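Asks: Here's a structure for you.
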Amino acid sequence: MNKGKTFTRRTMLKGTAIAGAAMAAPTVFTRGAWAQDFRNDPGDSSTVTLGFNVPQTGPYAEEGKDELRAYQLAVKHLNGEGDGGLLNTMKPLSLKGNGILGKKVEYVTGDTQTKSDAARASAKRMIERDGVVMVTGGSSSGVAVAVQSLCQEMGVIFMAGLTHANDTTGKDRRRYGFRHFFNAHMSAAALGPVLEAEMGKERRSYMLTADYNWGWSVEGSMTEVTEKIGWETVNQVRTPLGAGDFSQYITPVLDSGADVLVLIHYGKDMVDSLTQAVQFGLRDKQVNGKDFQVVVPLYSRLMAQGAGKNVAGIYGSTNWHWSLQDEGTQAFVKSFGQEYGFPPSQAAHTCYVQALLYANAVEATGTFYPVEVIKFLEGFEFDGMGNGPTLYRAEDHQCFKPVLVVKGNENPTSQFDLLEVVNEVPTEQITYPHDLYAGDLGPYEV
Amino acid sequence: MASLTAFQPSTPKRDAIIMAVFAAVVLTAPIWLTPIGASYPDLLQRFAIFGIFAIGFNILFGLTGYLSFGHAAFLGVGSYAAVWMFKLLTMNVLVAIAFGVLVTALFSIVIGYVCLRRSGIYFSILTLAFAQMSYNMAYSVLTPITNGETALILETADPRIIDRALLGDAKEALPSPSLFGLELTGYAAFYFCAVVLILAFWVSLRIFRSPFGLKLLAIKSNQNRMIYTGYNTRPYLLVAFVISGMYAGLAGSLMAITDPLAGAERMQWTASGEVVLMTILGGAGTLIGPLLGAGIIKYFENIFSAVGKTQLSELFAFLPDGLNEALVGLMSLFVGEGWHLTLGVLFMLVVIFLPGGLMEGIKRLTDWAKSRRQGGETVGDGAAHQPSE
C-alpha cells in the first residue's frame, strides 16, 4: 500500500509537470500572435469559410431550414453563380460576384437545437475547428444573445439571424454582434396605432408569453403600448418553450373577462397555441359586447402556413414579406423561387441580407480584420435590400427601416398568400433613442 | 458480465502503470485525435468533462447497481453555482469549483437521503422526478437565480467583489475564467480539465480498490445478505450517491469554466439519460468504460451531426457515379441530423451482443489473443484474467 502511494504520487507529479509544460506552450504561441493577427485570418488561402448556425431541430426548426436555404443561395450569389439576387439591387455595393476579396466562399453548418448550450457548442466548433471568419444565423433571442457574447469573447463577427428581443441590441448588445431584424419595441410601436384604429381604446388584454428573453421583451413593449392606448392588461402568463399543448393556458382566458388575446409565441409554439385558441372557439366569442380578437406580435408566413385557416383576420407585425413590390424584394423572391420553388420567409430574407452585408463590408474595407469590418458596418446606410433605406445604427448595431403590420388573409389565393400587408410603418415612427435600453457594446479589440 | 464487475485485487504497481498510461493518453489527446477531426479545444474539453461525469456516475451505478436517472440535475446545479461565483466573487476557477462541488454535495445529500429509501426502479423514478422538478423550477420559480431559458451569463456590471478589490475596476471587456492569472480558454482550458480528469480518475481508482468499494459491490450483488451480516447499507449508499453527485457537480463547474454560461437544458432528463447511455455503452462497473462511452457519444454529437452530403460525396468520389449516389443517399441517413440513428443502432448492437459494454468487447479480444498465443488452450482460472481496465 505504502509503496503504491509513492508510485502514484510520483506519477501524479510527472503528469502535473507535463500538463504544466503543455499548458504554457499554447499560451506562449497565441499571446504574441494576437497583436498583429486576428482569429481565423484566411491569409493567402483561396477560400474563406462562413459558419451558418441555425436550428435544425426543436420548435423553430422550420425557420432554421429556411434560413439555411437562404444562406446557401447567398453563397451562390457571392461566388457569382445563379442570377446574382440582391447583388443586382443593393446600393452602395462593393461586391463583385467573385467571392469575398477574390476568395471563394465556402460554408459549414451547425444545429443550434434552439438551446443556448448547443448553439454555443456548435459555434465554438465552427470557430475553433473549421476556422470561420463570421458566424451567422439563429432563430431565438436566447440563442442569439448567448452566441453573440461568445463571438465577442472569440473576436469573430456574429451577424444575428432572426432575433426579435430588445436585449439583443439593448441590454446584451456586443461590439461583434449585428442585427438586421427588427425588434419587440418596433413591433409594438408599429402595431399600437393599428390596434387602436381596428379594436378601439377600451379593450382588456390577456397575454400568453414564451418564457425567455424574447417573450419578456415583447410582453414589456406590448404592455407599454397597449396601456398607452387605454387598454387594460388582465393577466400575463408565461409558458415554457416547446410546450406542444397549450390548452391548460388557453382555458383560463375564456373566463378571465379579457377580449383580446396577445399570443407572444413563435414558430411551432405559435402554430400550436393559435390553433388551439381557435379550436376552443375564442375567435367566435363575444366578450364585453365586442368580438374577441387575437394579436400575434411577431408574425411570419411559415407560421401562418402551419396554422392554416386559423390566421384569418389576425393582426401582427413582420420584418419583411415576399409580396412587397420594391425592386429588391422582387429580385430576391425571384431567385429564391427559381432555386426552391416557393417564396422565402422573413427569416430567410434577414439571413440572406446579413450574409451579403458582411461580405460587402469586407469587400469595401479590403480586409477580413474584424475591427475594420465592424467600423464599416457601424452607421452603414444601404438600400435595395427589400426594406427600403436602412441604417445600421452605430451605437447599438440595430438596423432601422420600415416595419410591416400584417393581417391574416381572409381569402388567400394560394398557399403562400396568407398574409396581407396592412400598413408599412415608416422608420421615424418606430425609431427610439439608443440608450432607451441601456447596454454596453464592449471593446473593438478583444 | 459478472467477472467484469467483480472486485479485482490489484497490485500498487499495476495501478501506477494504469495511472501513467491513462495520464499519457489523456494529455496527448490533442495529437492522436487529430486524424479523426476531433482535436479542437471545445470538443476536447467536452470529452474530459463528460468523462468526469461518467466516471462519477459509474461510482454509483457501476458499484452499487443503483440506477440514478437524475444525475443531470447535479451537473446543472454545479454549473449554476460556479457561474454565480464568477459573477459575485472572482473569476478564479478554484473558487468556482470548490463552491460548485460543495453546493452539489449538499444538494445530493438531500436528494440521496430521500431517494435511497427505495431501491430498483422506484429509486430510478424518484431521482428522475427530482431532476425533472429541478429542471422545471429552473425555468419557472427560480428564474431570478437561473435566468430561465436565456441562461445565466456573465455581464460586465457583475460585482466580482474579490477581483475588484484586488485588481481595481474591471476592464471594458468581459473577463475570462482564470487560474491565478492564467486565462483558461482554448487549449489551456482543456489541459486544466485533463488534469482534473486524471485526478478524478485516480480517486475513482482508489475507491474501486478500497474496502469501501468492496462493500458497495457487495450491496450490488446481494443487499439482503449484507444486511444480515450486520452492515447498515444505507450510509454506504448515501456516501456513494454523494460522491457521485460531487463528480457531477465538478463536471458542471468545469462546463461553466470552459464556457461561462449556465442553461437549464443541461438538467433535462435527456441529459440524465445520456450519462446512463455513456456508462452502459462503455461498460458499467469498469474503470475506463464510462470514459469510452462519453467520448463516443460526444464524438457522434459533435462530428457526425456536422457531416453533410457534400463531405460524403467527396469521401466516395472514387466510386462509379451510380454506386456513389446510392451509397451517399444511404449513408446520409446516418450522418447530419441522423446522428441519433447511428448512435441508436450502435447502442442496440452493444447491448445485444456485448451486454458488458465496449469493455467486454475489448476483454473478449484480449482473451482471444491470449488463448491464441497459448496455442489454443483456454486461459486458466479467473485470477489470471486480464482485468477489464
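Asks: Once R0 is set to 41 Å, what does the formula 1/(1 + (r/R0)^6) return for the Cβ-Cβ distance between A:Ser45 and B:Thr270, expressed as a FRET efficiency to the nearest 0.05? Don't jump to the answer; show the numbers that get you there.
Replies: Details: r = 39 Å, r/R0 = 0.95.
E(calc), rounded to 0.05, equals 0.60.
Asks: What order do you get for A:306-315, B:30-39 when each peptide is scored by the mean count of other beta carbon atoms within 10 Å, highest first? Please report the intermediate quantities before stating the final value.
Replies: Values: A:306-315: 19.3, B:30-39: 13.6.
Ranked from most to least packed, the peptides come out as A:306-315, B:30-39.
Asks: While we're on this one: Taking a ≥ b ≥ c as the square roots of the Cα gyration tensor eigenvalues, with a/c under 1.5 meaning rounded and otherwise prolate when a/b beats b/c, else oblate, which class fits the stretch B:37-144?
Replies: Values: a/c = 1.92, a/b = 1.28, b/c = 1.49.
Verdict is oblate for the stretch B:37-144.
Asks: Answer rounded, prolate or oblate for the stretch B:2-269, using the Cα gyration tensor with square roots of eigenvalues a ≥ b ≥ c: rounded when a/c is under 1.5, else prolate when a/b is larger than b/c, else oblate.
Replies: On the way: a/c = 2.19, a/b = 1.36, b/c = 1.60.
Taking the square roots of the gyration eigenvalues as a ≥ b ≥ c, the stretch B:2-269 is oblate.
Asks: Per the Debye formula with a single identical scatterer at each Cα and no solvent contribution, what log10 I(q)/I(0) holds for the stretch A:185-318 at q = 0.10, 0.12, 0.13, 0.20 Å⁻¹?
Replies: -0.26, -0.39, -0.46, -1.22
Asks: Rg (Å, one decimal) plus Dmax (Å, integer) for the alpha carbons of the stretch B:143-284?
Replies: Radius of gyration, then largest Cα-Cα span, for the stretch B:143-284: 20.3, 65 Å.
Asks: Let me check I've understood the local charge: for B:Glu325, count other residues with C-beta under 15 angstrom from its C-beta, Lys and Arg +1, Asp and Glu -1. What total comes out? Each step should come with its number before you reach the end.
Replies: Working: positive: B:Lys309; negative: B:Glu314, B:Asp321.
Net charge in that neighbourhood comes out at -1.
Asks: Just tell me how shielded B:17-23 is by partners: mean number of partner chain Cβ atoms within 10 Å of each residue's Cβ, no decimals. Walk me through the numbers before you get to the answer.
Replies: Numbers: counts 2, 2, 7, 7, 1, 2, 7.
Average neighbour count from other chains, rounded to a whole number: 4.
Asks: Further question on the same structure: Under a 10 Å cutoff between Cα atoms, tell me which one of B:Gly120, B:Gly329, B:Gly285 has the largest fluctuation in the Gaussian network model of chain B.
Replies: In the Gaussian network model the winner is B:Gly329.
Asks: How tilted is helix A:327-340 with respect to the longest principal axis of chain A? Cα atoms for both, answer in degrees (0 to 90, nearest 10).
Replies: Long axis of A:327-340 versus the principal axis of chain A: about 70 degrees.
Asks: Can I ask one more? With chain B treated as a Gaussian network of Cα nodes joined by springs under 10 Å, which of B:Met85, B:Met137, B:Met246 yields the largest mean-square fluctuation?
Replies: Judging by the Gaussian network model, the answer is B:Met137.
Asks: So what is the relative contact order for the stretch A:185-318, in percent, with contacts set as C-alpha pairs under 8 Å and at least six apart? Kindly include the intermediate steps, with their values, before the conclusion.
Replies: Numbers: 225 pairs, mean separation 34.3, N = 134.
It rounds to 26 percent for the stretch A:185-318.
Asks: Per residue of A:210-216, what is the mean number of Cβ atoms on other protein chains within 10 angstrom of that residue's Cβ?
Replies: On the way: counts 1, 6, 7, 5, 2, 3, 4.
Taking all residues of A:210-216 together, the mean is 4.
Asks: Based on the mean of other Cβ atoms within 10 Å per residue, sort peptides A:50-59, B:319-328, A:384-393 so the most packed one is first.
Replies: Order by mean packing, descending: A:50-59, A:384-393, B:319-328.
Asks: Follow-up. Does the stretch A:176-238 come out rounded, prolate or oblate, given a ≥ b ≥ c as the square roots of the eigenvalues of its C-alpha gyration tensor, rounded meaning a/c under 1.5 and, failing that, prolate meaning a/b above b/c?
Replies: Values: a/c = 3.17, a/b = 1.45, b/c = 2.18.
Here the stretch A:176-238 falls in the oblate category.
Asks: Still on this structure, I have one more. Before anything else, pin down the relative contact order of chain A: Cα pairs under 8 Å, at least 6 apart, normalised by residue count, whole percent. Write out the running numbers ahead of the final one.
Replies: Details: 921 pairs, mean separation 82.8, N = 446.
After rounding, I find 19 percent.
Asks: If you count, for each residue, the other Cβ atoms within 10 Å and average over each peptide, how do B:69-76, A:405-412, B:98-105, B:176-183 line up from highest to lowest?
Replies: Per-residue Cβ counts within 10 Å, averaged per peptide and sorted highest first, yield B:69-76, B:98-105, A:405-412, B:176-183.
Asks: Pick out which of B:Arg118, B:Arg373, B:Arg206 has the largest mean-square fluctuation in a Gaussian network model of chain B, springs linking Cα atoms closer than 10 Å.
Replies: B:Arg373
Asks: Also, I was wondering about something else. Positive end of the charge dipole of chain B (Lys, Arg +1 and Asp, Glu -1 on Cβ, about the Cα centre): tell me which of B:Leu205, B:Gln223, B:Leu287 has its Cα farthest that way.
Replies: Of the candidates, B:Gln223 comes out farthest on the positive side.
Asks: By how many degrees, between 0 and 90 and to the nearest 10, does the Cα long axis of helix A:116-128 differ from the longest principal axis of chain A?
Replies: 40 degrees
Asks: Using every alpha carbon pair in chain A, what percent of pairs falls into each 20 Å bin from 0 up to the bin containing the largest distance?
Replies: 26, 52, 18, 5, 0
Asks: Separate question: What does the charge dipole of the stretch A:44-157 about its Cα centre add up to, to the nearest 20 debye, if the Cβ of each Lys and Arg holds +1 and the Cβ of each Asp and Glu holds -1?
Replies: Details: 12 positive and 13 negative charges, 40 e Å.
Value, rounded to 20: 200 debye.
Asks: How many percent of DSSP beta bridges within the stretch A:185-318 run antiparallel, rounded to 5? Show your work: numbers first, answer last.
Replies: Numbers: 2 of 20 bridges.
Antiparallel bridges: around 10 percent, rounded to the nearest 5.
Asks: May I pose another question? For A:Lys103, list the lysines whose Cα falls under 16 Å from its own Cα; do not include residues on the same chain fewer than 8 positions away.
Replies: In chain and number order, the partners are A:Lys76.
Asks: If you consider only alpha-carbon coordinates, what radius of gyration and Dmax does the protein assembly as shown have, in Å?
Replies: Spelled out, the Cα radius of gyration and Dmax of the protein assembly as shown are 28.6, 95 Å.
Asks: Still on this structure, please answer the following. Mind checking A:112-122 for the average number of partner chain beta-carbons within 10 Å of each residue's beta-carbon? Walk me through the intermediate numbers first.
Replies: Details: counts 0, 2, 2, 7, 12, 11, 6, 1, 5, 8, 5.
Average neighbour count from other chains, rounded to a whole number: 5.
Asks: Just to be sure I understand: of the beta bridges DSSP finds with both ends in the protein assembly as shown, what percent are antiparallel, rounded to 5? Mind showing how you got there, number by number?
Replies: Values: 22 of 60 bridges.
Approximately 35 percent, going by the DSSP bridge assignments.
Read-outs throughout are calculated quantities, based only on the coordinates presented, and are distinct from any laboratory measurement. Just so we're clear, the structure is a prediction, and the values are computed from it rather than from any experiment. All Cβ positions, even for glycine, are placed from backbone atoms using ideal geometry, and neighbour counts span all protein chains on display.
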